[in-house]
Amino acid sequence: MNVESTELFAGTEDDPLQIVRVTGAPPGEVTVRGPGVATAFTRGDEVAVRTSHPAGARVPLEVLVNGAPTGGTGELVVAEPGWTVHMIPHFHYDPVWWNTQAAYTSEWDRTDEPGSPRLDFQRAGFDLVRAHLAAAEHDPDYRFVLAEVDYLKPYWDTFPEDRATIRDLLRRDRLEIVGGTWNEPNGNLTSAELTARNVVYGTGFQRDIMGADPATAWQLDVFGHDPQFPGMMADAGLTSSSWARGPFHQWGPMLTRIGSWDDPPTDPDGMQFPSEFEWLSPSGRGVLTAYMTNHYSAGWWMDYAPTLEAACDAVYRIFLQLKQVAATKHVLLPVGADYSPPNRWVTRIHRDWPTRYVWPRLQCSLPKDFFAAVRATPGFSPSPQTRDMNPVYTGKDVSYIDTKQAHRAAELLTQDAEQWATFAGLLGAPYPETVLDVAWRQLVYGAHHDAITGTESDQVYLDLLAGWREAHTLAGAVHDGALQHIADRVDGGGRSVTVFNPSAWPRTDLVDVATPGVRPVDDGGVPLPCLSYPGGVRFLARDVPSLGYRTWRLVPGDADRWTAAAGTEIANEHHVVSVDPDRGGAIDRIHSVAEGRDLLAPGRVANELVVYDEYVEQPVFKEGPWHLLPNGRVAGSAAAPAGSVLRETSPLGERLTVTGTVGPAAYTQQITLWHGVDRVDCTTHLDRWDGTDQLLRVRFPLPVGGGRPVYEVGDAVIGRGFGFPDVDTAEHPWTLDNPAYTWFGAGSTARIRVTDPSTGRRTLHAVGVADVVVPALDDAAPLARDLLIALARVGVTATTSVAAGARYGLLAVDSNLPDFRIAVGGPSSNPFTAAVLDAAPSYFRELLTGQHLVWVPAARPLREVWTPTGDLTGVRDLPVLIVAGGLSDLVADCADAVIDVVQPTTDAGLEDRTVALLNRGIPGCCVDVDGTLHLSLLRSCTGWPSGVWIDPPRRTTPDGTGFQLQHWTHTFEYALVTGAGDWRDNDLVRRGHAFNHPLRAVTTDGAGDLPAVASLLSVEPPGAAVVTAVKPTGNPLATGRIPGPRSTVTVRLYEPNGRAADVTLGRPMSRTDLLEGPGVPVPVLRLRGAEIATVTVDLGGPIVPAPVGDDVVSDARSWLTNRGVPAGGALPFSVHLDDAGTATVTSDLVEDTITATVALGETTHTVTVPPLGAATVPGPALAVRATVPGLGTVTDVRTGQPAFEVDLDTDDIVVPAGGTATLDVRVLPATDLPFGVELQPLGPPEIWAWTTIVAGTVVIRPPAHQRPGTWWLLVKALGGGTPVYSPTVRITVT
Amino acid sequence: MTPTHHHPAAVVDGAPVWPHEIDARLARMRAADGGDRLPDPSSAEGRQLRRWTTQVVVLERLFEAAAAGLPPGVAGPAIRQVVPDGVAAVELGSMTTAALTRSEAGRRVYAHVASAYPGGHAKRRAFLDWLAPRLHRVELGPGYEHPADPRQPDAEHRH
């Protein structure tokens, strides 16, 4: 006989009756009884009881049959009524991953017959939307969410007949649109500004065009989140978020197991906080968040249940687990998986369950209902969390490194281009609004978590590369055109060079002038020191004003060149650097002049290239490119002598060039010290790389005593923990590498300053990540919220945990680890404080009698406990700051990033200095416990889906390997900066920004009328805020409107140092939100630390957008050729042919009526389309072309277009730098496609600048200064509804 | 969990489906048009294809057994009547759709089970309800799990 005390209730809400299940009893009517427990009724094996005991009470029971005791006993654990499970139907959608955009959007379902043998037990976007809409149509209880615009807009445009249905379902609360973003971006690999654009495009479509009200950010599968993300979502008007990855490894705290696939999900007892919490950014803003504890598919798998009863039981069992961490009596159960159709059982559960049970409720629900119920819970005050939701899937920071470098270059070029085009627009130039819109959209598309993360298959890599190339090319043209327009207006007093500064503070930096045979002169006419290179000259441009320019006269003349010199040491006024020819040319000395000391760990070398052998796939999880998988075998370049070492000098500085080989790499490294520049510039060229399942890092052993890792992230800086770069991931799966934005290093983001009252001696203790322990859950918000925000502002992220709960700091479960704890409350109020004091010397308890704040050091140094088996949960494992009172004083004390404690001290403490590496698009890095900085350069993966190709014939790199192996020449640029003090004292944010936004030079005849020196916009005081966007106000193309003239400019900026700042722009300004809605005038922008603000200013104008010509032609179904984004970008109108050859013109404009000229077959028609409406033109026709003046042209073709191939006339090109080579592109057979073929040249980013297609010929023209190297090129042809790829050509530049 | 050839791939109401029968079906698929697009047998996707194909074969056996109990002489409807569009294919799932395409017996069973229900959606739902407990009783050998069973190591690489 078995007696199970369930948490089910029959009866009514007023009289709930808990169910006890009795099985195996003798025949007859079964009842149970116990003290204060009586049976109300029995049905089958369910005995419904009534009890007066409180929830949690345990009451012994005896089992009776027909009123007589059986001898059977059991126990009633009194349960809580009142729980609700919100079953939320959804499907997770990736626009690309191993399969292509075409397949995922619509083509996956296009088979010759039903049920053809392809692995399609998931469906493409179109059929999914249709299926979920049909489920809602047939079943009045079906409610569901739709999210990603990557399928929503194509569906919306292709099936306008469903728009009314969708709006009706929205109106009746049967459908909720979630996300507010265009896709699910990995914001931790892009700029924060791009995330802002993602939400502008997402809400623009979902709110303005669809008429929905997205309130919940839906980032289900994103590999970790950037800390400023929730605050930015709040700034865009979203009020909640839900997602499945971040604070824990792999699939969350219930599913991450080592070695056993058969185990069911465990209880989430490793979680330190409830699944519903307030997720806060360093800016202090955030959103209520529901973490999907059992992954985003938790409720899906009951789809396979054989009966309704089994499905109900499966949901009930998941409920029992998820309720353990729910913050209220509401549980969010996501019912969907990747591309999943409507769940078979969900509405039947919704209908059947209430006929048997009154609690818990199992309801087919929506996120808005869930969050409303959570918020309405009396007394609900969400636990505050600023925890860094990283790292997840460390391989994502390194795989397909070329795409990350390309993305960084393209997004920053687009930012700068938009900025200069805005200024040019103020000077009367037409503003290239739609061109920039295409660039931003391709960047948003590429930010998806299966794109920028490098987890894609080979064909998808090529498709994505085309998008990044298009963004870069378009932005480059806008950028150069805008600079030329402004420079041409400058009065340079004759032939001159105008140098532009894209940053919002004055800068002095090197700049390249692409004009040979000239030299800039100073005000006295004396030529400045400069360095000649083929095609141009480089010089140090001083004092170029904020967001402005300075002009230098030019005189004819030859500049100096690099001159070979003896020795292995270089110097400038800031550093002395030498290399060791016997150790691969690695750096064996770095001396800081300002600090008067050498920085290298004794006996070690820096800038060494280290090759790590990797596993093909994660040994337990069987996954590849998104994990870093070192297997413990390591080879460094310092193990062998360098091939060569060359020292050179010039008027601008000194450099060392070393060559060598290590494993699969042949390298050339250059280290340059420029006069007047406080930076050690490093470039590593991989002249040859033919690794296989290998990772390449470069490392700098520059220990800072007591230092902690510090990372720049999107619009913020935070501390992080040490990594384990050298482990064997079969034994220790988590290397704790993390992605940085433009820099990372070692030092401190905040410190505890302990002053000894008797000696006055002070020691500093760096802190970076906190476990804030409050007595109980009810204390979390009242006690910890202000403290958490104050800490996050100065870079210390934190988890609020409770004394009796799980401790933050178990690497087997937690994705990252804290380095100190804060115990809020003295020993009498906080059991954790009591436990610390019990375990620590009694002296600390005595200290507490006299003061509020006591610092209890850890029992052992951090490096002793910070190991790959990481368990830091012991009370003495980490230092503890006990706050027994004066909490608001502590919060105020955080503002300067120094927390003062007065108590005796003898510790050595922190060396107050910083070392950091700036990067250009190389995000993956870590600092190990010895203080060595590791920067991941690239890796070669063969693990699935590397090598996967969808539409044969498969293409490869010229040596026959897949593109994920990266077998070609690479260039990596990074720089070392060092100095006393912390990252703020070293101005690292501005220096990282400057390293990524070079000064630009334009040569003109200087015959204009504008001053030779000017700032077009200044932030006062200089450096108080970093500007990330300058653009005409408003986003018409995102919100279904036609761009018109604008009289104000929007500026987005953020406070970089974590300190309050009052900022002005020198003009009247209004404060608005991230979506640039109506603003409020403010005389001064009062920024809190790490705050991101958007303002509008009147700078003159108006700025008039350039109209779109009729010759801008978009393919209505551009996803069929995996184009990412249509050629025209926003596609405010579209046209589609149905199977009968009838054309439908659709509008996505919300207020404008348009007139379209429609060429259909041999005839031309004119149709008028009302806002958000459609108009048909009867066919039949095989092709249609629709044009709207000022908005461009859209075409569509029927399927069944002729197949064609693309071929090139050679597979090997050798061309000298400065020379030219051409390749004919042959399209075979010469096609009769209605709208021709678009040809895209594809290759690694290094060749973009010098490869183009002109009239069907590839022109390869490497400039004279191009370094020799080997790359590849192929041509992608788009036309006729399928993409076609030429064979690959090897390109060698000599 | 490498499948061996000595253990049945599946057991359907006591009748084994042997690995060599799955091998033969896969060989025919690879030899047919579009066979070159099928994944490499040694890859995770190849193993998934084996599982997918096993499900289709299992379904065909279930259909044959069930059709044996139906009145003879009535031909099953054409596949386009059972699966008229993508929505229907989504509701049924690809394996059931593939099995119904190949198995006239399956379509006869479908017509019989669904006869009392109006409309395609209700018919398909009734058919799936009929099928679910029968599928549940099928035993699947190691390496032949349902492709989407999250407990087997080649399941979609994220849940």
Identity of the residue in the range A:920-943, under 30 Å from A:E1205 (Cα atoms) and buried (at least 22 other Cβ atoms within 10 Å of the Cβ), that ends up farthest from the other protein chains (Cβ to nearest Cβ): A:S940
Test: residue in the range A:819-827 that is in contact (Cβ under 8 Å) with a residue 12 or more places away in the chain, assigned to a loop (DSSP other than H, G, I, E, B) and under 17 Å from A:D771 (Cβ atoms): yes
The range A:266-287, residues that are of a type in the set (A, V, I, L, M, F, W, C) and more than 13 Å from A:A326 (Cα to Cα): A:W279, A:L280, A:V287
Given (1) surrounded by 24 or more Cβ atoms within 10 Å (Cβ to Cβ); (2) modelled with pLDDT of 95 or more, index of the condition A:I166 fails: (1)
Filtered residues of the range A:225-247 (kept if within 14 Å of another protein chain (Cβ to nearest Cβ) and either touching a strand residue (DSSP E or B) at 6+ places or on another chain (Cβ under 8 Å) or at pLDDT below 90 (or both)): A:W243, A:A244
Residue match in the range A:172-184 (condition: away from every other protein chain (no Cβ under 14 Å), in contact (Cβ under 8 Å) with a residue 60 or more places away in the chain and closer than 21 Å to A:R285 by Cα): yes
Within the range A:839-859, tally of residues that are touching a residue at least 12 places away in the same chain (Cβ under 8 Å) and either charged (D, E, K, R) or part of a helix (DSSP H, G or I) (or both): 5
Selection from the range A:507-521 of residues that are among the β-branched types (V, I, T) and without any contact (Cβ under 8 Å) to a residue 40 or more places away in the chain: A:V521
Verdict on A:R991 being assigned by TED's automatic domain parsing to the domain that holds A:P725, outside any strand (DSSP E or B) and basic (K, R): no
Cross-chain or 6+ apart pairs with Cβ under 6 Å, the range A:1252-1269 first and under 14 Å from A:G1218 (Cβ atoms), then buried (at least 16 other Cβ atoms within 10 Å of the Cβ) and at pLDDT below 95: A:P1263/A:G535; A:A1264/A:G535; A:H1265/A:Y533; A:H1265/A:G535
Residue check for A:S365: out of contact with any Leu (no Cβ under 7 Å at 6 or more places or on another chain), of a type in the set (S, T, Y) and under 15 Å from A:T84 (Cβ atoms): yes
Residues of the range A:522-560 that turn out to be within 27 Å of A:F423 (Cα to Cα) and either part of a strand (DSSP E or B) or touching a residue at least 12 places away in the same chain (Cβ under 8 Å) (or both), as a count: 20
Yes/no for A:T692 being surrounded by fewer than 21 Cβ atoms within 10 Å (Cβ to Cβ), over 22 Å from the mean Cα position of the chain (by Cα), at pLDDT 95 or above and not in a strand (DSSP E or B): yes
Verdict on A:Q272 being touching a Lys or Arg at 6+ places or on another chain (Cβ under 8 Å), among the polar types (S, T, N, Q) and more than 30 Å from A:V200 (Cα to Cα): yes
Lone unmet requirement of (1) closer than 23 Å to A:F621 by Cβ; (2) more than 14 Å from every other protein chain (Cβ to nearest Cβ) for A:M292: (2)
Selection status of B:H146, in a helix (DSSP H, G or I) and surrounded by 15 or more Cβ atoms within 10 Å (Cβ to Cβ): no
Single condition A:R699 does not satisfy, out of (1) over 30 Å from A:P945 (Cα atoms); (2) part of a strand (DSSP E or B): (1)
Residue check, B:V83 away from every other protein chain (no Cβ under 14 Å), farther than 26 Å from A:K622 by Cβ and crowded, with 19+ Cβ neighbours inside 10 Å: no
Test: residue in the range A:1151-1161 that is surrounded by fewer than 17 Cβ atoms within 10 Å (Cβ to Cβ) and outside any loop (DSSP other than H, G, I, E, B): yes
The listed residue being within 14 Å of chain B (Cβ to nearest Cβ) and among the small types (G, A, S), out of A:A217, A:A212, A:A305: A:A305
Selection within the range B:93-121 - assigned to a helix (DSSP H, G or I), facing chain A (nearest Cβ under 9 Å) and closer than 27 Å to A:G125 by Cβ: B:S94, B:M95, B:T96, B:T97, B:A98, B:A99, B:L100, B:T101, B:H121
Residues located in the range A:728-756, provided they are of a type in the set (D, E, K, R) and either without any contact (Cβ under 8 Å) to a residue 12 or more places away in the chain or assigned to a loop (DSSP other than H, G, I, E, B) (or both): A:E731, A:D737, A:D756
Selected residue (criterion: farthest from the chain's Cα centre (by Cα)) from residues of the range A:866-901 that are part of a helix (DSSP H, G or I) and surrounded by 20 or more Cβ atoms within 10 Å (Cβ to Cβ): A:L890
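The values are calculated or read from the model by the stated rules, or taken from the named source; none is laboratory data. Since the model is a prediction, treat every value here as computed from it, not as a measurement. Quick reminder, even Gly has a Cβ in these numbers, built from the backbone with ideal geometry, and neighbours come from all protein chains shown.
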